[in-house]
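One structure is given below, encoded as structure tokens.
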Amino acid sequence: AAEDGLAAWLRYARVDNAKACLGKLPSSIVTLNATKGLPVYTAGQELAQGIQGFFGKKLDIDEHDERGKPRNNRPGKKSNAVTVGTVAAYKASNPREAAKVPELGDDGFYLSVSRGNALILGQNERGALYGAFRWLALLGQGNCSDFTLASTPDAPIRWVNQWDNLQDGGTHGSVERGYGGDSIFFWDGYVRPDLTRAGQYARLLASIGLNAVVVNNVNADPRTLTPELLDGLARIADEFRPYGVQLAMALNFASPQTLGGLDTFDPLEDKVQAWWDNITNEIYRRIPDMAGYLVKANSEGQPGPMTYNRTLADGANMFGRSLKPHGGIILFRAFVYNHQTLNQTLDWKADRARAAVDYFDGLDGKFLDNVVVQIKYGPIDFQVREPVSPLFAHLVKTPTAIELQITQEYLGQQAHLVYLAPMWKELLDFDLRVDGKESRTKDIISGKRFNRKLGGYAGVVNVGTNTTWLGSHLAMSNLYAYGRLAWDPEVTSEGILREWIALTFSDDRKVIDVITRMSMLSWPTYENYTGNLGVQTLTDILLGHYGPNPGSQDGNPWGQWTRADSDSIGMDRTVWNGTGFAGQYPPEIAAQYEHIETTPDNLLLWFHHVPYTHVLKSGKTVIQHFYDAHYAGAAVAQTFPTLWQSLRGRRGIDKERYEHVLYRLNYQAGHALVWRDSVNNFYFNKSSIPDELGRVGNH
Ligand code: GCU
């Protein structure tokens with residue numbers, strides 16, 4: 001039902017063997033110094049709701065004040081309890097026990113369950129809520145055993161980006177690259193009067209450890225900063241606050257001019273700085289816990305500091321200065337490139353992939369300490385296969401965050417099942433070998449590798465008003481995985497999935513096994529039928545990034561090229577003969593990508609221009625690999641509906657969600673055939689090389 005979609009993995013449905021746990025559960029909940037509207041209070045409510053849902057056991061909530069004394073006066077009751085609060089509050093009432101709690105980092109929690117008693121302590125308020133949700137996730141899988149766990153998130157920045165427009169009428173509707181309906185925040189140019197969905201969203205995000213949401217599009221509307229809108233944003237922040245989720249906002253760099261009426265937006269002009277200081281103060285007056293700003297500058301037509309020949313650091317630092325007194329941070333995007341000047345035919349060395357490192361060259365060390373550079377995982381744009389952005393290796397003094405896309409812009413737009421955790425983990429685990437030392441992306445962004453305090457994760461989620469949030473029930477595994485990985489990149493893709501399935505559908509073995517199987521196959525499958533060997537997702541480049549259109553990849557100024565002609569294909573990004581992009585990596589990695597022999601097959605066409613007859617490490621030619629992979633991928637997609645049908649009537653697979661998912665998987669199966677034939681025919685027509693198995697072309 002619609003409520004199941006909305007509640008997603010927080011349905012708190014009865015667990016299979018509820019009775020087995022009953023004797024091991026506490027009989028009341030104690031909250032320490034809870035304030036209604038803040039996370040510890042919320043944690044108490046969630047624990048009550050969850051335990052009732054999972055096991056049918058109703059628990060009372062006893063509120064204790066800051067000295068640890070009961071507030072609601074039910075003295076004498078000394079039964080088993082789950083106690084939830086901050087470490088500090090626990091110290092006030094129980095100093096001796098509190099001394100045994102291990103040291104926790106920001107947002108961390110301590111969770112100890114023993115013989116019907118549970119202790120959930122947060123390093124801060126939201127840490128306590130994270131701990132409560134973690135225990136609930138285990139209980140929801142029927143796991144009521146005793147254990148002790150201290151957990152601190154791997155990185156402080158665990159943000160969500162929503163690309164919501166203030167109003168409809170943009171070419172992409174009211175959420176740019178959103179496939180789940182209109183904005184849950186904005187309507188008709190204003191913040192919605194009813195923000196119920198904003199609160200429900202924050203609840204989902206908090207349950208997986210995410211701590212801030214940028215609520216408006218990176219292609220930001222200057223009107224966001226008008227008093228009416230700021231008042232509205234404050235109402236959104238009020239909905240978020242009970243869950244410890246902070247509001248953040250995207251800014252339009254030219255606002256001082258377009259909105260403020262100044263004759264300039266030059267970041268080095270005092271009056272421009274003063275304008276931003278002032279508006280920032282205005283925002284913090286309304287939203288004292290605002291997390292910070294996100295800025296897309298000098299990219300795809302957006303204004304920025306380079307408009308005045310200032311550096312990107314000059315631009316970012318301007319916001320850093322305004323935010324500093326309020327403790328806010330600025331996420332400054334590395335997605336900087338000029339989408340109009342690239343000329344494919346005339347310039348063999350033109351390469352959009354180079355842009356980030358080229359533009360940020362020389363700026364490391366020039367940023368204020370509350371500036372974080374937000375870098376898309378790959379150098380181009382959320383493709384099915386990209387090497388990790390080399391910029392992660394260049395910014396040593398500057399904190400960085402990785403930008404991932406939960407919304408599946410190039411990846412099937414939620415009409416195709418593509419579980420992305422395996423791809424993200426490959427990127428996060430990649431070792432960039434900075435200074436010849438182990439330098440995994442995840443350790444760079446968390447701050448560990450270069451000893452930085454800030455850094456982390458930004459996920460473009462783009463939920464909408466649809467009751468499935470993203471447009472598809474199965475796509476929600478990506479949001480779940482994003483949160484779990486941002487907290488702890490060591491958890492396995494499959495482990496995350498099994499947990500998500502149990503909570504979203506049920507812990508029926510077969511349900512878990514089948515959805516796990518489909519999901520784990522889905523990324524390689526999608527890669528097989530949409531774009532192989534690092535050639536990128538061969539979607540339509542100009543219209544919506546959906547459906548096959550390999551021809552549209554070349555001859556445009558956007559620079560996501562394949563350089564396919566009648567004998568050869570691929571971008572030559574070598575230093576010796578190509579765009580030089582390979583040389584942007586640290587020496588060990590650069591050397592690897594420079595040569596065909598040491599470039600993995602799955603990135604061959606990203607780095608090299610080769611004949612269709614080039615023989616891969618696998619022993620196949622490039623063209624035959626294309627043909628075979630497209631057949632193989634499409635064939636796997638044909639099995640998804642059947643797999644899903646095997647779950648019909650199983651526990652947790654209600655009719656409505658069953659039908660909804662089946663419809664999408666049938667569609668995907670059909671569309672995979674369209675993909676297969678369009679791409680294969682395209683390259684057959686280009687190359688005139690027949691398929692060894694005689695499947696492609698005219699017969
Ligand atoms: C992609 C996407 C745009 C978006 C841009 C960005 O190009 O298609 O819609 O604005 O990325 O990340 O800024």
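The values are calculated or read from the model by the stated rules, or taken from the named source; none is laboratory data. For clarity, every value in this text was computed on a predicted model and none was experimentally measured. Here the Cβ is made from the backbone with ideal geometry for all residues, glycine too, and neighbour counts use every protein chain on show. Remember, those area values only see protein heavy atoms, side chains included, never the ligands or the DNA or RNA. Shrake-Rupley method; radii C 1.70, N 1.55, O 1.52, S 1.80 Å.
Can you tell which of Asp358, Asp364 is of a type in the set (Asp, Glu), closer than 22 Å to Val218 by Cβ and open to solvent by 10 Å² or more (accessible area, probe 1.4 Å)? Show your work before the answer.
On the way: Asp364 fails: closer than 22 Å to Val218 by Cβ.
Asp358 is the lone residue from the list that is of a type in the set (Asp, Glu), closer than 22 Å to Val218 by Cβ and open to solvent by 10 Å² or more (accessible area, probe 1.4 Å).
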So which residues in region 16-42 are over 30 Å from Glu66 (Cβ atoms) and open to solvent by 10 Å² or more (accessible area, probe 1.4 Å), if there are any at all?
Asp16, Asn17, Ala18, Lys19, Ala20, Leu22, Gly23, Lys24
Selection within region 72-93 - at pLDDT 85 or above and surrounded by fewer than 17 Cβ atoms within 10 Å (Cβ to Cβ)
Asn80, Ala88
Of all residues making up region 200-248, the number that are more than 16 Å from the ligand (Cβ to nearest atom) and polar (S, T, N, Q):
5
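Yes or no, residue by residue, for (1) within 16 Å of the ligand (Cβ to nearest atom); (2) over 26 Å from Leu391 (Cβ atoms):
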position: Leu268; (1), (2): no, no
position: Thr280; (1), (2): no, yes
position: Tyr308; (1), (2): no, no
position: Met318; (1), (2): no, no
position: Arg333; (1), (2): yes, no
position: Tyr337; (1), (2): yes, no
position: Gln344; (1), (2): no, no
Checking Trp487 against (1) open to solvent by 10 Å² or more (accessible area, probe 1.4 Å); (2) under 21 Å from Glu176 (Cα atoms); (3) hydrophobic (A, V, I, L, M, F, W, C), which test does it fail?
(2)
What are the residue pairs meeting all of these: first residue in region 286-304, first residue over 16 Å from Asn161 (Cα atoms), second residue away from the ligand (no atom under 11 Å from the Cβ) and of a type in the set (Asp, Glu), Cβ atoms under 8 Å, and 6 or more apart or on different chains?
Arg286/Asp231
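Among the residues of region 113-135, is any part of a loop (DSSP other than H, G, I, E, B) and farther than 22 Å from Pro242 by Cα?
Quick first cut of region 113-135, residues part of a loop (DSSP other than H, G, I, E, B) only: 115-116, 123-124.
Next cut, farther than 22 Å from Pro242 by Cα only: 115-116.
Within region 113-135, one or more residues are part of a loop (DSSP other than H, G, I, E, B) and farther than 22 Å from Pro242 by Cα.
Right, Ile380: in a strand (DSSP E or B) and either assigned by TED's automatic domain parsing to the domain that holds Arg449 or among the β-branched types (Val, Ile, Thr) (or both) or not?
So Ile380 fails the test.
Condition check: out of contact with any Lys or Arg (no Cβ under 7 Å at 6 or more places or on another chain) and within 16 Å of the ligand (Cβ to nearest atom). Does Gly328 satisfy that?
On the way: out of contact with any Lys or Arg (no Cβ under 7 Å at 6 or more places or on another chain): yes; within 16 Å of the ligand (Cβ to nearest atom): no.
The answer is no for Gly328.
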Of Gln383, Gln413, Gln408, the only residue that is within 16 Å of the ligand (Cβ to nearest atom), open to solvent by 10 Å² or more (accessible area, probe 1.4 Å) and closer than 30 Å to Leu543 by Cβ is Gln413
Criterion: closer than 23 Å to Val245 by Cα and within 16 Å of the ligand (Cβ to nearest atom) - qualifying residue of Val191, Val175:
Val175
Residue that is farthest from Gly412 (Cα to Cα) [pool: residues in region 504-526 that are open to solvent by 20 Å² or more (accessible area, probe 1.4 Å) and in a helix (DSSP H, G or I)]:
Arg509
Qualifying positions in region 527-580 - within 22 Å of His614 (Cα to Cα) and either among the basic types (Lys, Arg) or assigned to a helix (DSSP H, G or I) (or both):
Glu527, Asn528, Tyr529, Thr530, Pro550, Gly551, Gln553, Arg563, Arg573
What about Leu391, is it within 16 Å of the ligand (Cβ to nearest atom), of a type in the set (A, V, I, L, M, F, W, C) and within 23 Å of Ile184 (Cβ to Cβ)?
no
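Among the residues of region 542-580, which ones are of a type in the set (A, V, I, L, M) and open to solvent by 10 Å² or more (accessible area, probe 1.4 Å)? Before the answer, list the steps.
Looking only at region 542-580, we keep the residues that are of a type in the set (A, V, I, L, M), and these are 542-543, 564, 569, 571, 575.
Leu542, Leu543, Ala564, Val575 - these are the residues of region 542-580 that are of a type in the set (A, V, I, L, M) and open to solvent by 10 Å² or more (accessible area, probe 1.4 Å).
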